[in-house]
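Visitor: Structure incoming, see below.
The values are calculated or read from the model by the stated rules, or taken from the named source; none is laboratory data. Note that this is a predicted model, so its numbers are computed, not measured. In this analysis, Cβ positions are derived from the backbone assuming ideal geometry, glycine residues included, and neighbour counts consider all displayed protein chains. These accessible areas exclude ligands, DNA and RNA; they are computed on the full protein's heavy atoms, side chains included. Shrake-Rupley method; radii C 1.70, N 1.55, O 1.52, S 1.80 Å.
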Amino acid sequence: MKNPSGSTTSSAVDRAARDAKLSDPSATLGDVLAHVFGPWTQWPEQDLIAFSDEFDEKLALAAYCSGVFPMPLHETGFEGEMGWWSPMQRGLLPLDALRVPRSLRKMARRYTTTVDADFDAVLTGCSDPDRPDGWIDEAIRGVYTNLHAQGLVHSVEVWDELGRLVGGLYGVAIGGLFAGESMFHHPQWGRDASKVALVRLVTELRTGMEPRVLDVQWRTDHLASLGVTEVERVGYLGLVDQALDLPPVDWDGARAASPMTGDELLALHALQTEPLQTKQTREDDDA
């Protein structure tokens with residue numbers, strides 16, 4: 001694995017584990033991960049911290065546990081290389097900050113949501129080649145499909161009244177961390193469907209009222225309208241350390257609760273946010 005300045009570090013988790021154990025037989029997971037990407041204090045002060053020609057499930061999981069995520073370097077002069085990213089300003093959605101304005105509540109009632117009902121279709125929707133700045137290639141599809149089979153990647157699907165998949169999202173779940181990877185909506189049939197998928201995701205992450213972390217990589221204007229904020233890299237890394245020790249979402253229970261109608265989803269969201277509901281409703285009704 002190489003950082004953008006050209007120096008090389010270990011590129012395989014197995015080699016990193018071996019090196020860590022050789023130097024300290026009591027090495028922890030954190031010690032192993034430090035051998036993979038190096039200490040964060042030595043990362044370059046830019047979003048792209050490294051690139052490699054290796055990419056597999058172990059390396060991807062090591063990345064998320066280190067506060068890093070993969071994204072291919074297409075059309076950059078490094079075709080075939082995997083980029084490893086840790087934004088200087090990380091996009092996060094505090095679970096109690098999700099904004100569900102009146103217009104979104106109206107659209108949500110038109111849809112039904114499920115969890116892990118059709119991951120392959122969601123991944124296909126997110127990787128539509130007609131989408132601008134598409135980055136999901138065959139390597140990404142293969143690794144995340146395998147991680148989904150292992151129960152470490154989950155999807156949320158949004159369906160219309162005709163039973164068509166009109167939106168969804170997927171991401172990596174480790175402990176109390178959910179690292180959102182991509183979301184989509186059908187341009188003709190799925191108005192606000194990706195937003196509705198996000199509402200369903202947040203309701204699942206809020207079960208048990210654990211302080212889980214919802215990472216969205218970068219803050220965009222679209223995501224900011226839903227409550228996404230930014231945190232500096234060092235702050236995010238601290239949140240990840242805490243989140244990894246939290247109990248995971250009961251994804252089996254989430255699947256069992258599917259499908260959920262729009263009215264059921266909104267009722268659950270309102271129940272979870274009841275202490276804030278009066279203030280939020282007053283603010284959101286202006287949206």
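Visitor: What single numbered condition from (1) within 20 Å of Val166 (Cα to Cα); (2) out of contact with any helix residue (DSSP H, G or I) (no Cβ under 9 Å at 6 or more places or on another chain); (3) modelled with pLDDT under 95 fails to hold for Ala257?
Guide: Ala257 satisfies every listed condition except (2).
Visitor: Being buried (at least 16 other Cβ atoms within 10 Å of the Cβ) and out of contact with any strand residue (DSSP E or B) (no Cβ under 9 Å at 6 or more places or on another chain) is the filter here; which residues of region 187-206 pass it?
Guide: Arg206
Visitor: Can you pull out every residue in region 245-256 that is assigned to a loop (DSSP other than H, G, I, E, B), open to solvent by less than 50 Å² (accessible area, probe 1.4 Å) and either polar (S, T, N, Q) or closer than 23 Å to Met183 by Cα (or both)? Let's see the steps before the verdict.
Guide: Residues of region 245-256 that are assigned to a loop (DSSP other than H, G, I, E, B), as a first pass: 245-250.
With open to solvent by less than 50 Å² (accessible area, probe 1.4 Å) added as a condition, the list becomes 246, 249.
Val249 - this is the single residue of region 245-256 that is assigned to a loop (DSSP other than H, G, I, E, B), open to solvent by less than 50 Å² (accessible area, probe 1.4 Å) and either polar (S, T, N, Q) or closer than 23 Å to Met183 by Cα (or both).
Quick grid of which residues meet (1) touching a strand residue (DSSP E or B) at 6+ places or on another chain (Cβ under 9 Å); (2) within 27 Å of His74 (Cβ to Cβ); (3) surrounded by 19 or more Cβ atoms within 10 Å (Cβ to Cβ):
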{"residue": "Ile136", "(1), (2), (3)": "yes, yes, yes"}
{"residue": "Gly142", "(1), (2), (3)": "no, yes, no"}
{"residue": "Val156", "(1), (2), (3)": "yes, yes, yes"}
{"residue": "Leu162", "(1), (2), (3)": "no, no, no"}
{"residue": "Leu177", "(1), (2), (3)": "yes, yes, yes"}
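For every residue, the table says whether it meets (1) among the hydroxyl-bearing types (Ser, Thr, Tyr); (2) farther than 25 Å from Arg212 by Cα; (3) modelled with pLDDT of 80 or more.
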| residue | (1), (2), (3) |
| --- | --- |
| Asp14 | no, yes, no |
| Ser26 | yes, yes, no |
| Val32 | no, no, no |
| Glu54 | no, yes, yes |
| Glu57 | no, no, yes |
| Ser66 | yes, no, yes |
| Pro70 | no, no, yes |
| Met82 | no, yes, yes |
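Visitor: Follow-up question, since we're still on this one. Please work out which residue is most open to solvent (accessible area, probe 1.4 Å), limiting yourself to region 91-127 and to residues that are in contact (Cβ under 8 Å) with a residue 60 or more places away in the chain and β-branched (Val, Ile, Thr).
Guide: First, the residues of region 91-127 that are in contact (Cβ under 8 Å) with a residue 60 or more places away in the chain: 91-105, 107-117, 122, 125.
Filter once more, keeping what is β-branched (Val, Ile, Thr): 100, 112-115, 122.
Working: Val100: 4, Thr112: 43, Thr113: 2, Thr114: 13, Val115: 4, Val122: 0 Å².
Checked region 91-127; the qualifying residue most open to solvent (accessible area, probe 1.4 Å) is Thr112.
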